[in-house]
Amino acid sequence: MTEQAPHLVVAFGGVSPEHEVSVLTAMQVMSALSDSKYSILPLYISKSGQWLTGDILKELEQYGDLDALIQQASPCYFNRDQLGRVVLEHPKKGLFSKPVQQAIYAIVVAFHGGAGENGSFQGICEQLDLPYTGSGVLASSLGMDKVKAKQLCEANRIPVTSSLNFYEEDWDRHNATILEEVEQLGYPVIVKPSSLGSSIGVKKVDTQSALIKAVETAFRYDAQILIEESIAPLIEINCAVLGTPESCISSVCERPIGSGEALSFADKYQRGGSADKGMVSADRVIPADISDELSQEIRVLSEQIFRVFQAAGVARIDYLVQKDTEKVYFNEINTIPGSFSYYLWEHSKLSFTDLLDQLIETAITVHQQKNGRILHYDTNLLSDKAATGLKGLKGSK
Ligand SMILES: Nc1ncnc2c1ncn2[C@@H]1O[C@H](COP(=O)(O)OP(=O)(O)O)[C@@H](O)[C@H]1O
Ligand SMILES: [Mg+2]
């Protein structure tokens, strides 16, 4: 690797229940990019929110002892160099040494959950005008909010399960009404925190007392709860989409297999296989063992949903399918799917490295398109105000 190779930041970790899963995705990304034209700069956000960099963060074995790893890595931050370029900066050892500054070509966003996936980190990149992979602020935040995602789908006639949602204050005040509405949905129902992931806090309940317990547990994770009718017998199907709203393609479908009725955190990440395989070690059938018609229906729907959310890069859309009727319901959109769903693209003859190249290219194109638009509107409002003073400022917006 020469010194001139463009610096690609791989950002991962973060304050999120899916921290470990993100570390696995990032290790896979860095390994797939190891022979690429880029020089990889890891940007690891610890569970407590510290920003760290250093080559040691490229080695999965080091994550066994997080405290030791944090001690050895270098605290870092975004800054600008003398040329005005955005750099990843970290102090150099030695009292009077100048900090190390590395200009950033683009960022591969490999967080799962939390501020890394919900648009907050994407907002930092926008603010600094840095190209970054995946969806922008709006799609990222909509994708992390199950209630808003369902509402957007409903508004676009995309089928979703019947449901109700409420905040903790509603629950405290109108608990009886909510319980009555749940009776109307009909037990069993599924209780979910609106904006977590990896099945944390998701529970299927058969009785009112179990429901109350599940709602109270879910409120420990989230301020808003979603209660859905339960689809049974259930087939779960996922499909990934790659590209931009203007031009996107869907992958083959996959059918994840759980050990219980609902896929749990353990089903997704802790069953079988070695840890560095991450998502791909979970049990799944690829391509999904469903009819060609159903698979085609889901692929078309997935591209439509990708456009409706204005997603970008790679997203995975998860469905609940009623086995007897084959009715398809949108369940959720993951704007940063585990392992970037690379194993689905391999069926389209796209290797993980090619997939990453496309994601980076898309990031650069989206960034250039954004900067090609008029970003400010020249007026002489301020010179007028400077002349007339603050009087009469009210109503200027
Ligand atoms: N309406 C539903 N009916 C039946 N099973 C469901 C329903 N919603 C979710 N599940 C089950 O619960 C799992 C986790 O729910 P999901 O909404 O995907 O949350 P997460 O974001 O945590 O993955 C799903 O993979 C599925 O197995
Ligand atoms: Mg899910």
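Laboratory data are not the source of any read-out in this text; all were calculated from the coordinates shown. Everything quoted here is computed from the prediction, not taken from an experiment. Note: ideal-geometry Cβ built from the backbone for every residue, glycine included; neighbour counts use all protein chains shown.
Structure summary
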| read-out | value |
| --- | --- |
| Check: the stretch 7-132 dipole with +1 on Lys, Arg Cβ and -1 on Asp, Glu Cβ, in debye | 500 |
| Sorted by Cβ neighbour density within 10 Å, fewest at the top, the residues Met30, Met144 | Met30, Met144 |
| Dipole in debye (nearest 20) - the chain, about Cα centre, beta carbon charges: Lys, Arg +1; Asp, Glu -1 | 1340 |
| Which of Gln82, Ser120, Tyr319, positive extreme of dipole for the chain (C-beta unit charges) | Gln82 |
| Sparse-neighbourhood loop sites, chymotrypsin sites (Phe, Trp or Tyr not before Pro) in the stretch 70-144 - DSSP loop, at most 15 other Cβ within 10 angstrom | Phe96 |
| Label point 7 Å beyond Cα of Val100 along Cβ direction - residues of the stretch 6-35 with amide nitrogen under 20 Å | 6-13, 27, 30-31, 33-35 |
| Among Leu33, Ala11, Phe96 the positive-end extreme of the charge dipole of the stretch 1-118 (Cβ point charges) | Phe96 |
| 13 Å cut-off, amide nitrogen to a point 7 angstrom out along Lys148 Cα→Cβ, residues in the stretch 297-322 | 309-310 |
| Neighbour cut-off at most 13 other Cβ (10 Å), DSSP loop, trypsin sites (Lys or Arg not before Pro), the stretch 301-387 | Lys323, Lys327, Lys349, Arg373 |
| Acute angle (nearest 10 degrees) that the helix 292-308 long axis makes with the longest principal axis of the chain, alpha-carbon atoms | 50 |
| Euclidean distance of C-alpha centroids, the stretch 29-46 and the stretch 11-26, integer Å | 14 |
| Per-peptide average of other Cβ atoms within 10 Å, ordering 247-255, 47-55 highest first | 247-255, 47-55 |
| Percent RCO, i.e. relative contact order, over the chain, from Cα pairs under 8 Å lying at least 6 residues apart | 16 |
| Label point distance in nm, Val15-Ser48, each placed 7 Å from Cα along Cα→Cβ | 1.2 |
| Entries in Lys146/Lys327; Lys47/Lys327; Lys148/Lys213; Lys47/Lys92; Lys58/Lys98 that, when Cα-Cα distance is taken, lie over 30 Å | Lys47/Lys327 |
